[in-house]
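See below for the structure under consideration.
The values are calculated or read from the model by the stated rules, or taken from the named source; none is laboratory data. Bear in mind that the values here come from a model prediction, so they are computed numbers and not experimental data. In this analysis, Cβ positions are derived from the backbone assuming ideal geometry, glycine residues included, and neighbour counts consider all displayed protein chains.
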Ligand code: SF4
């Protein structure tokens with residue numbers, strides 16, 4: 001048996017430590033690392049199921065030029081030649097890199113160095129632009145440097161935690177569990193500020209369902225209250241003239257309540273809680289950052305903490321938490337177009353300093369194109385060669401249809417990725433196979449500045465190569481061999497450490513310890529460490545005055561519903577999925593939490609708009625439209641819609657959320673405003689509904705009105721709806737022996753296809769009245785000998801619908817849980833865990849279990 005390898009989770013910015021043990025050629029056992037400071041052994045459902053995602057399904061295993069396999073030499077020569085020729089003909093700003101928070105720091109470092117020091121442009125931006133660049137801009141405005149002044153230990157020591165724009169229970173589950181543990185241990189109060197009543201909000205002492213986009217009004221109102229109560233201290237801050245006058249003029253309780261659309265009573269509860277608890281952490285993420293006013297919203301939070309002294313003390317900090325595993329590492333090397341390197345901007349002395357350090361011939365002297373502008377320039381023909389690394393902008397960028405068109409028209413597109421076919425790589429001239437999680441070696445930095453090693457546990461498959469190697473080989477072929485003469489990631493790491501310290505007299509807080517990874521063996525053994533200690537604890541900030549800055553920020557006009565676009569569209573993540581599902585989508589267990597993209601709508605809106613709970617609806621915005629299954633939810637504010645971001649063209653014919661958001665961005669950070677898009681929704685009534693089950697993992701979606709696919713054990717499940725004839729469905733069926741039942745009068749068609757050994761290879765169930773059997777039992781029959789009741793969709797005499805999955809680890813369903821609660825009088829989440837196991841492994845479903853108990857209590861009380 002192999003020994004466990006200490007590594008780090010592939011997904012979110014919590015950065016949990018993992019013990020990964022190879023159990024076969026392509027299999028890994030996953031456990032939480034008890035010694036890692038981010039998670040102390042715990043993992044959420046996504047991390048727990050990482051082992052199910054290391055197979056080779058869909059992997060790109062050889063370089064491809066067009067649709068033809070090529071040698072590495074040929075592919076790299078071509079990439080280097082086309083970039084060289086483009087730069088020679090049109091200049092350095094005619095090329096660009098679009099990179100990813102999935103890259104390791106070493107990958108990021110060499111890509112940034114190549115573009116900014118050698119090509120001579122700053123046109124390298126990252127998909128982290130979409131997730132936290134407003135926090136970066138806010139930090140720089142307030143502190144003078146992009147420093148997250150918090151750690152996870154602050155959550156353990158806080159008396160009050162404000163979660164703003166963060167569905168922490170779903171998006172950062174281990175942080176959420178840490179908050180829950182603090183509540184249990186020391187009674188920490190929890191306030192959730194979010195227009196939606198999420199599972200995170202349901203556990204809170206107070207939930208303020210504010211009007212979307214009114215965060216600045218709320219924070220300013222809270223700060224004005226603190227000022228009135230004598231809780232502010234600004235002698236050691238840079239305070240612009242008139243700052244307090246404007247704030248006090250607009251920030252009374254009633255005006256704030258009106259602006260935020262909450263009751264003055266609830267608002268007062270927030271004010272009292274904040275005033276009573278100096279140890280306050282305000283944790284925020286995409287709900288704050290992904291806004292056209294994201295940077296102002298960040299600074300409203302930072303103003304509050306700075307002026308009330310809730311910073312640089314145990315349990316007191318503003319805390320921006322990142323979405324991706326290495327968004328912070330990207331910030332540190334300078335992987336955003338708006339920064340240069342190692343927390344330096346494009347000031348002339350910084351450009352000169354970095355140029356000296358790199359011995360760079362062509363230093364970029366000004367910021368490059370941020371993501372939205374970058375793809376606009378691709379579309380307008382000014383970017384003529386584009387290299388996309390480890391990301392899928394054809395799905396994830398706002399106005400993704402336009403991005404797709406831009407890629408299709410770009411003269412030269414390179415995609416380095418682990419996946420053979422993505423919506424983005426469909427437009428690539430060259431595809432380069434990169435190593436995936438479990439095969440890579442390097443470092444990542446999590447949300448609280450803890451640097452951890454990602455270590456390889458599996459051999460690279462096929463001809464896959466690390467991203468740093470691919471970039472370095474291209475750089476060498478472009479003529480800069482000596483500057484990119486790295487043999488291993490440790491060589492790059494050491495250079496990164498040296499640059500962070502180079503001519504750094506303390507003016508930059510980002511300075512990695514010189515002794516970390518200083519030779520190959522210490523790099524190999526490097527334990528997680530947090531750089532920067534407790535920033536600002538000496539009261540000094542890296543600004544010209546040495547003081548932090550209060551930044552005047554005013555609430556922008558909140559958009560009013562428009563006649564044509566009466567709804568507001570909000571986007572976000574599901575608990576068990578990650579980004580565009582290229583990895584989590586491989587896990588059958590994770591897929592079952594939410595099998596389709598849903599549009600959540602308040603029941604009153606649904607009824608008024610003639611929608612049906614469980615029916616289909618088309619969501620349209622000025623950019624585009626997508627189709628979703630409707631889910632009525634009283635957690636939505638009336639007038640608002642919520643859709644998930646995960647489905648792509650290859651997993652859904654309708655539910656592509658990226659088509660809907662506006663290509664507009666915050667003026668300071670360039671972060672796209674994914675939240676609060678004007679929208680409308682309309683019911684779509686198909687003439688038939690169907691589902692298709694198949695063992696063939698590669699079966700493609702048919703050309704029907706609605707088709708979405710997820711992985712199930714031993715196959716795929718495709719939910720379908722359409723108009724007219726069923727020819728497209730007929731074409732999906734594989735060859736084999738058919739068992740068929742058709743009732744034309746009632747519009748019902750059920751067909752099973754058996755393989756040569758009589759085992760179920762595929763099943764198609766179609767209904768014109770929507771009556772279809774539950775999927776569970778049929779899914780379990782895939783690959784099994786066909787039972788006689790196959791076309792009934794259930795075992796003889798049994799009731800098989802166990803409802804939606806709640807606990808992915810133990811495959812515990814809603815019906816099982818509700819029955820057990822009633823029959824065994826289970827009164828809390830712990831009792832459910834003891835009885836069924838649910839919630840006792842990763843814990844991601846505990847908020848859902850609590851919600852089920854409370855809903856049953858309400859129902860039972862009503863019946864009593
Ligand atoms: S919270 Fe979950 S997804 Fe995030 S790093 Fe930890 S295990 Fe991975």
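State which residue is nearest to residue 156 (Cα to Cα) when the search covers only segment 40-80 and only residues that are assigned to a helix (DSSP H, G or I) and without any contact (Cβ under 8 Å) to a residue 40 or more places away in the chain.
So the first thing to find is which residues in segment 40-80 are assigned to a helix (DSSP H, G or I), and the list is 45-48, 50-53, 72-80.
Still in the running and without any contact (Cβ under 8 Å) to a residue 40 or more places away in the chain: 51, 73-74.
Details: 51: 30, 73: 52, 74: 54 Å.
Looking at residues that are assigned to a helix (DSSP H, G or I) and without any contact (Cβ under 8 Å) to a residue 40 or more places away in the chain, I get 51.
Out of the residues in segment 291-315 meeting the condition of being touching a helix residue (DSSP H, G or I) at 6+ places or on another chain (Cβ under 7 Å) and outside any helix (DSSP H, G or I), tell me which one is surrounded by the fewest Cβ atoms within 10 Å (Cβ to Cβ).
Within segment 291-315, the subset touching a helix residue (DSSP H, G or I) at 6+ places or on another chain (Cβ under 7 Å) is 291, 293-304, 306-308, 311, 314-315.
Next cut, outside any helix (DSSP H, G or I) only: 291, 293, 308, 311, 314-315.
On the way: 291: 28, 293: 23, 308: 22, 311: 23, 314: 14, 315: 23.
Among them, the one singled out is 314.
Residue-by-condition table, conditions (1) within 21 Å of residue 443 (Cα to Cα); (2) more than 16 Å from the ligand (Cβ to nearest atom):
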residue	(1), (2)
50	yes, no
57	no, yes
60	no, yes
72	no, yes
98	yes, yes
101	yes, no
104	yes, no
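List the strands (runs of 3 or more DSSP E) that sit entirely inside segment 676-763 and contain at least 2 residues that are over 24 Å from residue 612 (Cβ atoms) and out of contact with any strand residue (DSSP E or B) (no Cβ under 6 Å at 6 or more places or on another chain).
Details: elements: 677-684, 688-694, 706-712, 715-722, 737-743, 748-754.
The strands (runs of 3 or more DSSP E) meeting that bar are 706-712.
Hey, can you tell me all the residues within segment 90-113 that are in a helix (DSSP H, G or I), surrounded by 24 or more Cβ atoms within 10 Å (Cβ to Cβ) and touching a strand residue (DSSP E or B) at 6+ places or on another chain (Cβ under 9 Å)?
So in segment 90-113, the residues in a helix (DSSP H, G or I) come out as 90, 92-94, 105-113.
From the residues that got through so far, the ones that are surrounded by 24 or more Cβ atoms within 10 Å (Cβ to Cβ) too are 105-113.
Passing the criteria: 105, 106, 107, 108, 109, 111, 112, 113.
Kindly check whether there is at least one residue in segment 820-840 that is farther than 24 Å from residue 176 by Cα, surrounded by 17 or more Cβ atoms within 10 Å (Cβ to Cβ), over 29 Å from the mean Cα position of the chain (by Cα) and modelled with pLDDT of 85 or more.
yes
Restricting attention to segment 615-632, which residues are assigned to a loop (DSSP other than H, G, I, E, B) and without any contact (Cβ under 8 Å) to a residue 60 or more places away in the chain? Show your work before the answer.
Residues of segment 615-632 assigned to a loop (DSSP other than H, G, I, E, B): 615, 621-624.
Within segment 615-632, 621, 622 meet the criteria.
Can you tell me how many residues in segment 684-702 are surrounded by fewer than 19 Cβ atoms within 10 Å (Cβ to Cβ) and within 29 Å of the chain's Cα centre (by Cα)?
Here is the first cut: in segment 684-702, the residues surrounded by fewer than 19 Cβ atoms within 10 Å (Cβ to Cβ) are 684-685, 687, 695-700.
Filter once more, so that each one left must be within 29 Å of the chain's Cα centre (by Cα): 696-700.
Number satisfying all stated conditions: 5.
Could you list, in sequence order, all residues of segment 571-613 that are assigned to a loop (DSSP other than H, G, I, E, B), surrounded by fewer than 21 Cβ atoms within 10 Å (Cβ to Cβ) and at pLDDT 90 or above?
602, 609, 610, 612, 613
If residue 117 meets every condition in (1) in a loop (DSSP other than H, G, I, E, B); (2) more than 16 Å from the ligand (Cβ to nearest atom) apart from one, which number is that one?
It is condition (1) that residue 117 fails.
Which one is surrounded by the most Cβ atoms within 10 Å (Cβ to Cβ) among residues in segment 804-819 that are more than 11 Å from residue 776 (Cβ to Cβ) and at pLDDT below 80?
808
Please name all residue pairs, on different chains or six or more residues apart, with Cβ atoms under 7 Å, provided the first residue is in segment 12-23 and is free of Cβ contacts under 8 Å to residues at least 60 places away in the same chain and more than 17 Å from residue 326 (Cβ to Cβ) and the second residue is in a strand (DSSP E or B) and more than 7 Å from the ligand (Cβ to nearest atom).
Partner pairs satisfying both residue conditions: 19/6; 19/31; 23/29.
Being touching a helix residue (DSSP H, G or I) at 6+ places or on another chain (Cβ under 7 Å), more than 16 Å from the ligand (Cβ to nearest atom) and touching a residue at least 12 places away in the same chain (Cβ under 8 Å) is the requirement here; does residue 137 meet it? Show your work before the answer.
Working: touching a helix residue (DSSP H, G or I) at 6+ places or on another chain (Cβ under 7 Å): yes; more than 16 Å from the ligand (Cβ to nearest atom): yes; touching a residue at least 12 places away in the same chain (Cβ under 8 Å): yes.
Judged against the criteria, residue 137 is a match.
Run down 448, 505 and say which single residue is in a loop (DSSP other than H, G, I, E, B), under 30 Å from residue 540 (Cα atoms) and touching a strand residue (DSSP E or B) at 6+ places or on another chain (Cβ under 9 Å).
448
Given 403, 372, 378, 354, which one is out of contact with any strand residue (DSSP E or B) (no Cβ under 7 Å at 6 or more places or on another chain) and outside any strand (DSSP E or B)? First the steps, then the outcome.
On the way: 372 fails: out of contact with any strand residue (DSSP E or B) (no Cβ under 7 Å at 6 or more places or on another chain); 378 fails: out of contact with any strand residue (DSSP E or B) (no Cβ under 7 Å at 6 or more places or on another chain); 354 fails: out of contact with any strand residue (DSSP E or B) (no Cβ under 7 Å at 6 or more places or on another chain).
Of the residues listed, the single one that is out of contact with any strand residue (DSSP E or B) (no Cβ under 7 Å at 6 or more places or on another chain) and outside any strand (DSSP E or B) is 403.
Counting only residues that are closer than 26 Å to residue 460 by Cα and near the ligand (Cβ under 8 Å from one of its atoms), which one in segment 23-43 is surrounded by the most Cβ atoms within 10 Å (Cβ to Cβ)?
Residues of segment 23-43 that are closer than 26 Å to residue 460 by Cα, as a first pass: 23-33, 36, 43.
If we keep only those that are near the ligand (Cβ under 8 Å from one of its atoms) too, we end up with 32, 43.
Values: 32: 22, 43: 28.
Across segment 23-43, the extreme among qualifying residues is 43.
Can you list the helices (runs of 4 or more DSSP H) lying wholly within segment 195-267 that have 1 or more residues being under 13 Å from residue 165 (Cα atoms)?
Values: elements: 199-202, 215-228, 243-250, 253-260.
Of the helices (runs of 4 or more DSSP H) lying wholly inside segment 195-267, those with at least 1 residues that are under 13 Å from residue 165 (Cα atoms) span 199-202, 215-228.
Please find, within segment 99-124, the residue that is nearest to residue 487 (Cα to Cα) out of those that are at pLDDT 95 or above and under 17 Å from the mean Cα position of the chain (by Cα).
Our first condition is that a residue be at pLDDT 95 or above; within segment 99-124, this holds for 99, 103-124.
Next cut, under 17 Å from the mean Cα position of the chain (by Cα) only: 99, 103-104.
Working: 99: 22, 103: 18, 104: 16 Å.
Once the filter is applied, the top-ranked residue is 104.
Name every residue in segment 333-364 that is surrounded by fewer than 17 Cβ atoms within 10 Å (Cβ to Cβ) and farther than 17 Å from residue 129 by Cα, in order of residue number.
Of the residues in segment 333-364, the ones surrounded by fewer than 17 Cβ atoms within 10 Å (Cβ to Cβ) are 345, 347-349, 352, 356, 359, 361-362.
Answer for segment 333-364, where residues must be surrounded by fewer than 17 Cβ atoms within 10 Å (Cβ to Cβ) and farther than 17 Å from residue 129 by Cα: 347, 348, 349, 352, 356, 359, 361, 362.
Residues being within 21 Å of residue 407 (Cβ to Cβ) and in contact with a helix residue (DSSP H, G or I) (Cβ under 7 Å, 6 or more places away or on another chain): count how many of those fall in segment 93-121.
Step one: of segment 93-121, the residues within 21 Å of residue 407 (Cβ to Cβ) are 93-103, 111, 115, 119, 121.
Going one step further and asking which of them are in contact with a helix residue (DSSP H, G or I) (Cβ under 7 Å, 6 or more places away or on another chain), we end up with 94-99, 101, 103, 111, 119, 121.
Residues in segment 93-121 being within 21 Å of residue 407 (Cβ to Cβ) and in contact with a helix residue (DSSP H, G or I) (Cβ under 7 Å, 6 or more places away or on another chain): 11 in total.
Among the residues of segment 1-19, which ones are away from the ligand (no atom under 12 Å from the Cβ) and either modelled with pLDDT of 95 or more or within 16 Å of residue 102 (Cβ to Cβ) (or both)?
Step one: list which residues in segment 1-19 are away from the ligand (no atom under 12 Å from the Cβ), which gives 1-6, 19.
Answer for segment 1-19, where residues must be away from the ligand (no atom under 12 Å from the Cβ) and either modelled with pLDDT of 95 or more or within 16 Å of residue 102 (Cβ to Cβ) (or both): 4, 5, 6, 19.
Of the residues in segment 258-269, how many are in contact with a strand residue (DSSP E or B) (Cβ under 6 Å, 6 or more places away or on another chain) and buried (at least 18 other Cβ atoms within 10 Å of the Cβ)?
Selection size over segment 258-269: 1.
Of the residues in segment 495-507, how many are at pLDDT below 95 and buried (at least 19 other Cβ atoms within 10 Å of the Cβ)?
0
Among (1) farther than 27 Å from residue 137 by Cα; (2) more than 16 Å from the ligand (Cβ to nearest atom); (3) in contact with a strand residue (DSSP E or B) (Cβ under 8 Å, 6 or more places away or on another chain), which single condition is residue 391 missing?
Result: residue 391 fails condition (1) only.
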